[in-house]
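What follows is a short report on a single structure.
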Amino acid sequence: MPPPPQQSDASLPAMEKKRNASPGKLILSIYTIIVSIAFIVSTAFAAYFFIALRIEKGYIHDDSHNDSQNGDQNGEKDTENNFPDTSERPLYKGDHINVPAPDDVVRIDTLTAAEVVAAALPSVVCVQADTGEGTGFILTDTGYVVTNYHIVDGGTDFTVILHDDTILDASYVGGDKLTDLAVLKVEPGDTRLIPIALGNSDTVRAGDSVIAIGSPGGSEYAGTATSGIVSAHNRRLTTSSLSGEGTRTMWVIQTDTAVNFGNSGGPLLNMKGQVIGINTMKYAELYFEGLGFSLPINGVMDIVNILMKHGYISKYPENCFAKINVPLGITVGAMTKTELAENGLAYGIKVQSVDAGSNAEQDGVKKDDIIVKIEGKEAKSILQVRNAVFDHREDDKIALKIYRKGKYLDINITLRAK
């Protein structure tokens with residue numbers, strides 16, 4: 001028999017290397033397993049605490065926690081009415097309802113768009129009057145509903161349609177043309193009303209994400225949600241007054257969120273599901289898109305609380321977001337360089353006419369006067385006169401420095417309403 005084959009010396013080092021490598025690979029495998037287990041455990045804990053936090057905040061409805069509250073004495077669950085938690089909304093004392101303080105507002109967006117809509121939709125209603133229809137929202141579980149005045153103006157019969165198509169008759173509590181706000185009241189009976197959550201419009205910033213819910217075109221499209229951002233905060237907007245007399249200035253929230261006819265009176269919501277404004281109007285002109293305007297909720301609640309108590313506004317709150325513009329009673333025009341040089345002036349605006357009996361006439365302004373300063377600023381544009389009127393309220397004084405026949409005069413015009 002031939003002798004068995006023998007390994008050559010050259011193969012021995014390789015075998016020894018293979019034996020020496022085995023312990024290292026074993027350690028590496030054990031380490032990989034330990035890291036994988038640690039990752040799985042940490043991920044599970046993170047998911048648990050995340051879900052638990054959202055349940056605590058009310059963003060996820062925990063049926064197991066509320067069985068005894070939503071069911072009968074035997075703890076049976078109410079499967080037909082899975083209402084959102086309303087224990088913290090709205091904040092009110094008696095019939096006076098407050099918005100949260102700025103210090104209580106957290107800036108971090110906490111809800112998805114779908115969660116915002118789901119939370120707010122039960123509080124949004126379609127408002128129908130014999131003069132038209134629009135949108136509104138439930139303010140209290142006792143039946144107060146807020147909407148725009150122009151929706152119900154002139155109406156006598158009012159109906160509120162809830163998100164689940166429940167129809168409730170409504171009565172008119174009060175309204176105000178200047179601020180375009182109205183309050184209705186329904187008697188809920190056995191129907192559970194879900195008040196909307198209030199935000200704080202003073203904390204709104206340009207660029208904040210927002211969602212609008214309303215009834216564009218009427219009840220057929222009730223509950224329509226659109227999204228966008230805050231384009232500008234505290235935007236000054238001047239329009240004709242609802243009474244048709246003069247002009248009105250409002251300080252509003254501008255948004256690019258789609259606001260269509262029928263959305264009026266509906267809420268503009270932040271990403272915590274809180275109403276920060278009431279969608280009221282849009283700029284509907286050719287070549288313009290994404291110009292919607294909402295009344296700030298802080299100012300809205302100042303008016304609504306008065307309407308709930310008295311039904312009308314006898315005196316507007318200080319710094320109300322809307323005002324009627326009281327005219328000066330003058331017509332002004334730009335001056336040419338030649339006219340300025342003839343009077344030895346570098347700038348100025350000429351008074352072309354003064355209305356008889358106007359505020360300007362009563363306080364001493366005359367035709368051909370040259371306004372050289374308005375509120376301490378050099379008068380270089382006729383827009384400065386208009387803006388001075390828009391920025392001041394009734395009984396305010398507008399300071400003018402006038403140049404008249406070689407002399408400078410200081411005149412304060414008081415904005416007296418007729």
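Taking the mean number of other Cβ atoms within 10 Å as a proxy for protection, how do you rank 351-359, 313-321 from highest to lowest? It would help to have the intermediate numbers written out before the result.
Details: 351-359: 15.3, 313-321: 13.7.
Per-residue mean Cβ counts within 10 Å order the peptides as 351-359, 313-321.
Place the peptides 266-277, 112-123 in order of packing, highest mean first, counting for every residue the other Cβ atoms within 10 Å and averaging per peptide.
Highest-to-lowest ranking by the protection proxy: 266-277, 112-123.
May I ask you to list the GluC sites (Glu not before Pro) in the stretch 374-404 that are in a DSSP loop and have at most 13 other Cβ atoms within 10 Å of their Cβ?
Hits after loop and neighbour filter: E394.
With 5 Å bins from zero, work out the P(r) of the stretch 295-411 over every alpha carbon pair and list the percent per bin.
Reading upward from the zero bin: 2, 10, 18, 19, 13, 9, 8, 8, 6, 4, 2, 1, 0.
Can you list the residues of the stretch 305-331 with backbone N under 19 Å from a point 7 Å past the Cα of N412, pointing along Cα to Cβ?
326-329
What do you get for trypsin sites (Lys or Arg not before Pro) in the stretch 132-203 restricted to DSSP loop and a cutoff of at most 15 other Cβ within 10 Å of the site's Cβ?
Taking the stretch 132-203 and a limit of 15 other Cβ atoms within 10 Å, the loop trypsin sites (Lys or Arg not before Pro) found are R192.
Which FRET efficiency value, to the nearest 0.05, is calculated for K377 and D169 with the Förster distance at 56 angstrom and r the Cβ-Cβ distance?
Plugging the Cβ-Cβ distance into 1/(1 + (r/R0)^6) gives 0.55.
Using r as the Cβ-Cβ distance of Q362 and A232, and R0 as 56 Å, what FRET efficiency do you calculate, to the nearest 0.05?
Working from the Cβ atoms, E equals 0.95.
In whole angstrom, note down how far apart the Cα centers of the stretch 303-337 and the stretch 111-156 are.
26
Please check which bits of the stretch 245-283 a label hung off R205 would reach, taking the label as a point 7 Å along Cα-to-C-beta and the cut-off as backbone N under 13 Å.
none
I'd like to know which of C126, N263, A232 lies farthest towards the positive end of the charge dipole of the stretch 88-325, counting +1 on Cβ of Lys and Arg and -1 on Cβ of Asp and Glu.
Checking the options against the dipole of the stretch 88-325, the answer is A232.
Expected output is a single nm value to one decimal: the length gained when fully extending between A341 and N319, i.e. 0.36 nm times separation in residues minus the C-alpha distance. What is it?
Extending this stretch completely gives an extra 3.7 nm.
How large is the charge dipole for the stretch 330-414, taken about the Cα centre, if only the Cβ atoms of Lys, Arg (+1) and Asp, Glu (-1) carry charge, to the nearest 20 debye?
In debye, rounded to 20, the stretch 330-414 gives about 360.
Charges at C-beta only: +1 for Lys and Arg, -1 for Asp and Glu. How large is the resulting dipole of the stretch 100-185 about its Cα centre, in Debye rounded to 20?
140
Which shape class applies to the stretch 88-325: rounded if a/c is under 1.5, otherwise prolate when a/b exceeds b/c and oblate if not, where a ≥ b ≥ c are the square roots of the Cα gyration tensor eigenvalues?
rounded
Report the FRET efficiency, 1/(1 + (r/R0)^6), for K309 and K397, where r is their Cβ-Cβ distance and R0 is 30 Å, rounded to 0.05.
0.40
With charges only on Cβ, +1 for K and R and -1 for D and E, what is the dipole size of the stretch 287-359 about its Cα centre, in debye, rounded to 20?
The dipole of the stretch 287-359 has a size of about 200 debye.
Using the charge dipole of the stretch 330-414 (Lys, Arg: +1 at Cβ; Asp, Glu: -1 at Cβ; taken about the Cα centre), state which of T336, H392, A379 has its Cα farthest towards the positive end.
T336
Determine the alpha carbon to alpha carbon distance for each of K337/K373; K337/K377; K282/K377; K380/K401 and list only those over 24 Å.
K282/K377
Mind listing which trypsin sites (Lys or Arg not before Pro) in the stretch 193-255 are in a DSSP loop and have 16 or fewer other Cβ atoms within 10 Å?
Values: sites: R205, R235, R236, R248; in loops: R205.
Qualifying residues, ordered by number: R205.
Please tell me which of these pairs span more than 31 angstrom C-alpha to C-alpha: K315/K405; K323/K407; K323/K367?
K315/K405; K323/K407, as the Cα separations exceed 31 Å there.
Quick note: the coordinates plus some simple rules give every number you see, no bench work behind them. No experiment lies behind these values; they were computed from the predicted model shown. Because the Cβ atoms are built from the backbone with ideal geometry, glycine has one as well, and the counts that use them run over all protein chains shown.
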